[in-house]
Amino acid sequence: MSRTVYVNGEYVPEEEAKISVFDRGFLFADGVYEVTSVLGGKLIDFAGHAARLARSLGELEMDSPVTDDQLLEIHRELVARNGVEDGLVYLQITRGAADRDFAYPKDAEPSIVLFTQSKPGLADSPAAKTGIKVISIEDLRWGRRDIKTVQLLYPSMGKMAAKKAGADDAWMVQDGQVTEGTSNNAYIVKDGVIVTRQLSHDILHGITRAAVLRFAAEAQMKVEERPFTIDEVKAADEAFITSASSFVMPVVEIDKQLIGNGKPGPVATRLREIYLEESRKAAV
Ligand code: PDD
């Protein structure tokens, strides 16, 4: 079935959506994006995604073609037109079309594209009950991972390396310490303490991460924001990831070695419950 997508001010059937071959998103990966989840037809953490989008655009000296209010309206309209109950809204803004030149063009109009992905039962994923398996790989991405750009080839290669190794995802390692997953933030739990890398240019400042750490503090759980090694992951009681598409997802194996007893742990399980419950209540 054909979806309705949003392209530069218009709602059109996906087959009719067009972007220029000169678009700098296509030629230079000169663009940023956001992925917002939808549960029960409502948007999870929209304000957080809009704020991070503004920051990404600002870091790249790019103008937004829409206000936050217009952005919310477009998200809601697409969810309604496509009848999305559970799923995702993908948003991308690029610097726009201009004759190819490494320097930012002065007169390009930014391009904006949004589409939905319907994922029935997104919050009841069977993987949440069994946990996922990860491998470790070197983090070979650029040094500004805090900007949510569309240059996703290395994460894509990491995901394929994981699949070839019979795993679900890859955790990336820099100077012997985990940065994050290919498209999610990474955590371990040891002796009741949740450990996750601190915010910096090295990782994406996850919107789900911020919410989960807030809920963990409210539930009196101990959190340490610091880097950790693969040896620490192997010795951990449990591990998990967070993202808009996976919420809180237990990780039960790394590089073919079981983490804890190889089953989703109580901390990840509890945080997933709290996150889903609170996020549904605050959804817009
Ligand atoms: N990815 N780290 C990376 C590298 C990511 O790509 C993502 C999100 C996250 C988690 O951020 P958030 O909690 O705001 O979703 C961390 C999205 C889901 C994607 O690329 O599909």
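The values are calculated or read from the model by the stated rules, or taken from the named source; none is laboratory data. The structure displayed is predicted, hence computed values, not measured ones. Methodologically, a virtual Cβ is constructed for each residue, glycine included, from the backbone with ideal geometry; neighbour enumeration extends over all protein chains shown. Only protein heavy atoms, including side chains, enter the accessible area calculation; ligands, DNA and RNA are left aside. Shrake-Rupley method; radii C 1.70, N 1.55, O 1.52, S 1.80 Å.
Does LYS263 meet the test of being out of contact with any Ser or Thr (no Cβ under 7 Å at 6 or more places or on another chain) and surrounded by fewer than 13 Cβ atoms within 10 Å (Cβ to Cβ)? For LYS263, the condition - out of contact with any Ser or Thr (no Cβ under 7 Å at 6 or more places or on another chain) and surrounded by fewer than 13 Cβ atoms within 10 Å (Cβ to Cβ) - is not met.
Filtering the stretch 177-199 to residues that are in contact with a helix residue (DSSP H, G or I) (Cβ under 8 Å, 6 or more places away or on another chain) and among the small types (Gly, Ala, Ser) leaves SER183, GLY192.
If you go through the stretch 58-67 one residue at a time, do you hit one that is among the hydroxyl-bearing types (Ser, Thr, Tyr) and open to solvent by 20 Å² or more (accessible area, probe 1.4 Å)? So that I can check it myself, show each step before the final result.
Taking the stretch 58-67 first, the residues among the hydroxyl-bearing types (Ser, Thr, Tyr) are 64, 67.
Add one more test, that the residue is open to solvent by 20 Å² or more (accessible area, probe 1.4 Å), and what stays is 64, 67.
Yes: one or more hits.
For the stretch 1-120, the strands (runs of 3 or more DSSP E) that sit wholly inside it and include 1 or more residues that are in contact with a strand residue (DSSP E or B) (Cβ under 9 Å, 6 or more places away or on another chain) and within 16 Å of the ligand (Cβ to nearest atom) are 31-39, 87-94, 111-118. Of all residues in the stretch 264-276, those that are free of Cβ contacts under 8 Å to residues at least 12 places away in the same chain and not assigned by TED's automatic domain parsing to the domain that holds LYS42 have Cβ atoms under 9 Å from Cβ atoms of residues that are among the aliphatic types (A, V, I, L, M) and buried (at least 18 other Cβ atoms within 10 Å of the Cβ), 6 or more apart or on another chain, in GLU273/VAL248.
When you scan the stretch 165-176, do you find a residue that is open to solvent by 30 Å² or more (accessible area, probe 1.4 Å) and of a type in the set (A, V, I, L, M, F, W, C), even just one?
Yes, some residue in the stretch 165-176 is open to solvent by 30 Å² or more (accessible area, probe 1.4 Å) and of a type in the set (A, V, I, L, M, F, W, C).
Scanning the stretch 181-194 for residues that are surrounded by 20 or more Cβ atoms within 10 Å (Cβ to Cβ) and more than 8 Å from the ligand (Cβ to nearest atom) yields a total of 5. Among the residues making up the stretch 195-242, a single one is within 16 Å of the ligand (Cβ to nearest atom), without any contact (Cβ under 8 Å) to a residue 24 or more places away in the chain and surrounded by fewer than 18 Cβ atoms within 10 Å (Cβ to Cβ): ARG214.
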